[in-house]
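Engineer: I am attaching a structure below and will ask some questions about it afterwards.
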Amino acid sequence: MVIGCAMGSYENLAGGLFPASAAIFAGWLAWSAVQVQISAEERRAAADRVEIENVLQADFDYMAEALATIWKIFDEILESPPSAEVLTVRLEGVNYGIERLTSDIGTMRDMVTALGWKRRRTYERWLHWLERLGEFQDVNNFEAHEALNVVKAISNHFEMLRPETARYFEGFWRRSGKAWDLAYSILMMARREGSCSSRSGGYCTKKSKGLKSIPIFRTRLILAIV
């Protein structure tokens, strides 16, 4: 009788363990499936980040070279103010370049949202300055010094995101050799003499004599789209 009772008890125990084991195994399978899905999503996100970086970096060389060309034209205009007719032609070329440089900002901003926060913040700053450059298109009054300051800021961000682009800006004067941290930029802006727009973001240049600003006359420039 004792043996029979013992066997009956173990039978009941075994009967309870089998369903519990099945439930645990099913839970493990579900957890494993979730982990596989998470791992796949992480790999896909990492692949997307690599692809986005490659696409953006591939455009940097021609964009930086175009920006350097705009910078060169600004320097020529400020050093030796041309006639009104020549000035109009110069600014048509500049505005065409600005249009091309800023045409894909919306797409690029969508792309960088997939990057890590540190890299995304650097790209967002670069895109912010590109948007600022776009403000100089088709305006009635064109401030060459202000536009040049924005170009200089963009060149710095190009170099931070892709150091190889530094070669396009060799020979251009940007600022003194001292590194400009935020505190130093505030100090220089507070102590500077003469007029320099607050929109310059701390990048100021000495204005050439005899040329305070460059008006684009009252005619809206029509640019060819290619």
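The values are calculated or read from the model by the stated rules, or taken from the named source; none is laboratory data. Computed from a prediction, not measured in an experiment: that's the story for all the values here. We place every Cβ from the backbone using ideal geometry, glycine too, and count neighbours over all the protein chains shown. We work out accessible area using only protein heavy atoms, side chains counted, and drop any ligands, DNA or RNA first. Shrake-Rupley method; radii C 1.70, N 1.55, O 1.52, S 1.80 Å.
Engineer: Could you give every pair whose Cβ atoms fall below 8 Å, whose first residue belongs to the stretch 113-139 and is more than 17 Å from ASN54 (Cα to Cα), and whose second residue is loosely packed, with under 15 Cβ neighbours inside 10 Å and of a type in the set (Lys, Arg), counting only separations of at least 6 or pairs across chains?
Structural biologist: Qualifying pairs under 8 Å: ARG132/ARG199; ASP138/ARG220.
Engineer: Then there's this: Quick one: how many residues across the stretch 67-77 are open to solvent by 10 Å² or more (accessible area, probe 1.4 Å) and over 21 Å from THR165 (Cβ atoms)?
Structural biologist: Matching residues across the stretch 67-77 total 1.
Engineer: Looking only at the stretch 36-57, decide whether some residue is open to solvent by 70 Å² or more (accessible area, probe 1.4 Å) and touching a Lys or Arg at 6+ places or on another chain (Cβ under 9 Å).
Structural biologist: yes
Engineer: Among residues belonging to the stretch 82-111 that are among the polar types (S, T, N, Q) and in a helix (DSSP H, G or I), point out the one that is farthest from ALA147 (Cα to Cα). Lay out the reasoning, then the answer.
Structural biologist: As a first pass, look at the stretch 82-111 and keep what is among the polar types (S, T, N, Q): 83, 88, 95, 102-103, 107.
Restricting the remaining residues to those that are in a helix (DSSP H, G or I) gives 88, 95, 102, 107.
Working: THR88: 16, ASN95: 11, THR102: 14, THR107: 24 Å.
Looking at residues that are among the polar types (S, T, N, Q) and in a helix (DSSP H, G or I), I get THR107.
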